[in-house]
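The structure appears right after this line, and notes come after that.
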Amino acid sequence: MSKNLQVKVWRGKEAGDFVSYEVPRHESQTVLDVVTHIQRHLEPSLAYRFACRVGMCGSCAMTVNGQARWTCRTHVAKVASNDQLEIAPLSHLPVIKDLVTDMREFFDKWHRAQGYFQGSRSRHDEFAAVKPDSAERRAANAGIECIGCGVCYASCDVVSWRPDYLGPAALNRSWTLINDVRDTQQQDRMRAVAGDAGCHSCHTTGSCTERCPKHISPTAAIAGLKRVTARAAVRGKL
Ligand code: SF4
Ligand code: SF4
Ligand code: FES
């Protein structure tokens with residue numbers, strides 16, 4: 001293993017440039033370790049975002065050598081080519097500073113896709129019993145571990161062509177809720193995702209699924225949404 005990594009890091013906002021740093025190489029070093037080294041020892045004004053460091057919070061995603069990744073769980077050994085790294089903010093989101101993007105639009109789209117639970121029971125009612133092996137429960141479980149990292153969103157070409165597209169993460173969330181038998185607002189949710197900027201805009205290219213660090217398949221979730229919204233439209237229920 002060579003002693004140093006040559007690291008280019010995006011500095012600035014939408015306008016800016018890559019700045020080069022030399023970072024000592026270590027065993028089991030992650031890309032987030034590299035960024036942290038730069039901020040602590042070489043460039044204290046470097047802005048970046050992280051919280052948990054263990055793949056739970058979803059805040060550390062960046063573009064590493066051209067691909068969106070969660071940096072706290074990405075080992076340098078896996079991604080550095082010739083001991084070189086290029087680290088940039090996530091694509092398709094406004095840059096606040098350096099490696100920090102503005103996630104507002106990303107989460108606003110979860111809201112627009114009705115990606116929030118709306119039930120009818122109160123704390124005085126019995127718990128709803130949902131069978132673990134039911135088809136709905138399994139479909140919801142398949143997408144429920146999303147950490148909101150934005151890797152899929154930054155990897156989706158349709159988001160770059162049409163910025164109003166709800167995107168893979170919001171649609172995946174919507175699909176988990178459509179399969180939640182306790183939820184009472186399914187028709188509204190289907191209307192929310194069936195419009196022009198919704199599930200039918202997905203071209204099924206699969207980059208979201210290929211890159212999702214939690215091994216979720218937004219592509220399959222979106223296919224499910226296409227099915228149920230088409231069926232509802234035929235029955236005049238949209
Ligand atoms: S499958 Fe659909 S949502 Fe996923 S990257 Fe491709 S176009 Fe985007
Ligand atoms: S679906 Fe995967 S890539 Fe997309 S936000 Fe959730 S965890 Fe991240
Ligand atoms: S720092 Fe929380 S997922 Fe990477």
### Task
Determine Rg/Rh for the chain; Rg is computed over alpha-carbon atoms and Rh is the Kirkwood hydrodynamic estimate from the same atoms.
1.05
### Task
Could you pull out every residue, at least 5 positions away or on a different chain, whose amide H is within less than 5 Å of the one on SER59? Hs are placed 1.01 Å off N in the peptide plane, and Pro or chain starts have none.
ALA51, CYS52
### Whole-Hz ³J(HN,Hα) from phi, Karplus 6.51 cos²θ - 1.76 cosθ + 1.60, for the stretch 51-57, glycine and proline x
9, 7, 6, 10, x, 10, 8
### Message
Taking just the alpha carbons, could you work out the radius of gyration and Dmax for the stretch 104-234, both in angstroms?
### Response
14.5, 48
### Query
Quick one: if you stick a label point 7 Å off each Cα along the C-beta vector at HIS124 and THR205, how many nm between them?
5.3
## Note on the structure
Taking every C-alpha to C-alpha distance in the stretch 4-101 and binning by 10 Å from 0, the per-bin percentages run 17, 55, 27, 1
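Any idea what the dipole of the chain comes to, in debye rounded to 20, about its Cα centre with Lys/Arg Cβ at +1 and Asp/Glu Cβ at -1?
Details: 32 positive and 24 negative charges, 129 e Å.
Rounded to the nearest 20 debye, it is 620 debye.
Roll a 1.4 angstrom probe over the protein heavy atoms and tell me the percent of accessible area of the stretch 1-156 that is carbon or sulfur. Display every interim value, and only then the final one.
Values: 4360 of 8770 Å².
That share works out to 50 percent.
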### the stretch 186-238: equivalent-ellipsoid semi-axes (sqrt of 5 x gyration tensor eigenvalues, Cα, Å)
23, 10, 9
### Rounded to 10°, Cα long-axis angle of helix 168-178 versus longest principal axis of the chain
30
### Of the GluC sites (Glu not before Pro) in the stretch 1-98, those whose Cβ has at most 13 other Cβ within 10 Å and which sit in DSSP loop
GLU14, GLU27
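With n ≥ 4 as the cut-off for DSSP H runs, can you work out [θ] at 222 nm for the chain, using -39500 (n - 2.57) per run divided by the number of residues, rounded to the nearest 500?
On the way: 10 runs with 81 residues, N = 238.
Rounded to the nearest 500, it is -9000 deg cm²/dmol.
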### Task
Among GLY195, GLY150, GLY58, determine the one that fluctuates most according to a GNM of the chain built with springs between C-alpha atoms less than 10 Å apart.
GLY195
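DSSP loop trypsin sites (Lys or Arg not before Pro) in the stretch 64-122 with at most 15 other Cβ atoms within 10 Å of their Cβ, which ones?
Values: sites: ARG69, ARG73, LYS78, LYS97, ARG104, LYS109, ARG112, ARG121; in loops: ARG121.
Hits after loop and neighbour filter: ARG121.
Order 131-138, 223-230, 169-176 from most to least packed using the mean count of other Cβ atoms within 10 Å. Let's see the in-between values first.
Numbers: 131-138: 10.8, 223-230: 18.2, 169-176: 27.4.
Highest-to-lowest ranking by the protection proxy: 169-176, 223-230, 131-138.
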### Summary
Quick calc: nm separation of the 7 Å Cα→Cβ label points for ASN141 and ARG104 -> 3.9
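The values are calculated or read from the model by the stated rules, or taken from the named source; none is laboratory data. Just so it is clear, the structure is predicted and the values come from calculations on it, not from any experiment. So basically every Cβ, Gly included, is an ideal-geometry build from the backbone, and we count neighbours across all protein chains shown. These area figures cover heavy atoms from the full protein model, side chains too; ligands, DNA and RNA do not enter into them. Shrake-Rupley method; radii C 1.70, N 1.55, O 1.52, S 1.80 Å.
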